[in-house]
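Input: a single structure, listed below in structure tokens.
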Amino acid sequence: MADQGGSTEDVNPRTRNIDRIAVRDLAQHMHVENAAVQPAMEGALPAIGDAITAITERLQSGGRLIYIGAGTSGRLGVLDSVECPPTFGTRPELVVGVIAGGVSALTRSIEGVEDDTAQGAADLKDIEVTAKDAVVGISASGRTPYTLAALRRARDVSACTVAITCNADTPLASAADIAIELRVGAEVIAGSTRLKAGTATKLALNMLSTGTMIQLGRTTGNLMSHLMPVCDKLRARQERIRQSLEEK
């Protein structure tokens, strides 16, 4: 698997002086660091493919895709989940996003909730996770107590478990049936996983949901044939898709 060197917590030697350089040079440094995301994604492709297959099987059997995480990781999971109904015409309850601290944590940081192991397990119990479901635990560090407890709860009920992490050989990866390790290496700002790690995580989540929906027949070719036309833009897009399908 591609490894970009070090963990997300390491101090990046290439960006030690970013607070003392010209702004355009700063932008260049961040751009160069972001280039590490694609090799990390490539190294994780086999695991992403396996996860798509496993998630598809659970959804075909009447289960759900459940994302769970804290902080940025949790927000990215919720973002991906809420985009599925308008894009693929799915029921809102088919893809579910759970974030430590609940809805309030989407718009403001709630400190300490990521350490609450009891709540991690309780939040999955509250939504009645079962063996039919696929649960994706998201944690850049791979050590978030809330997310780790939730994934262990999912395993206890025989749900399919997937871990998305940005470090190698983590407790979260060990707790999952399938581990997606996005080894982006040291961040531009040490430990700020909303940067390279956040970008890689969003790409992986988009691939999981999009790949699964394609497998479920929620597209026709590469067209959004099941989109929900809930606004003028989407109604116009639906009409273009209809015309394109009629021309084939």
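Assorted remarks:
- Of Thr87, Thr220, Thr210, the one that fluctuates the most in a GNM where the chain has Cα springs shorter than 10 Å: Thr220
- Under-5 Å amide H pairs with Asp116, H placed in peptide plane, nonlocal only: Tyr146
- Per residue convex hull volume, Cα atoms of region 1-67, in Å³: 122
- log₁₀ of I(q)/I(0) at q = 0.12, 0.20, 0.23 Å⁻¹ - region 176-248, Debye sum with one point per alpha carbon: -0.55, -0.88, -1.00
- Kirkwood hydrodynamic radius of the chain, from inverse mean 1/r over distinct Cα pairs, in Å: 18.8
- Helical segments meeting 15 Å axial Cα length and Kyte-Doolittle 0.0 threshold in the chain (DSSP H): 37-60, 71-88, 196-215
- Ordering 25-34, 134-143, 184-193 by mean Cβ neighbour count within 10 Å, with the highest value first, yields 134-143, 184-193, 25-34.
- Filtered trypsin sites (Lys or Arg not before Pro), region 88-139: DSSP coil and at most 14 other beta carbons within 10 Å: Arg108
- Alpha carbon centroid spacing (whole Å) that separates region 150-164 from region 94-148: 12
- Across the options Ala197, Ala159, Val95, the greatest Cα extent toward the positive end of the charge dipole of the chain (unit charges at beta carbon of Lys, Arg, Asp, Glu) belongs to Val95.
- Farthest toward the positive end of the dipole of the chain, out of Ile138, Cys84, Thr220, is the Cα of Thr220, where the dipole comes from beta carbon charges about the Cα centre.
- For the peptides 146-159, 89-102, residues were scored by their other Cβ atoms within 10 Å and the scores averaged per peptide; the highest-first order is 146-159, 89-102.
- For Lys233, net neighbour charge (Lys/Arg +1, Asp/Glu -1) across residues whose Cβ lies under 14 Å away: +1
- Proxy reagent accessibility, fewest Cβ within 10 Å first, across Glu246, Glu239: Glu246, Glu239
- Spin-label pair Thr130/Asp19, simplified geometry with 7 Å Cα→Cβ offset, distance in nm: 5.4
Each reported figure results from applying straightforward, stated rules to the coordinates on display, with no laboratory input. Here the structure is a predicted model, which means the values were calculated and not measured. Reconstructed Cβ throughout: ideal geometry from the backbone, glycine too, with neighbour counts over all protein chains shown.
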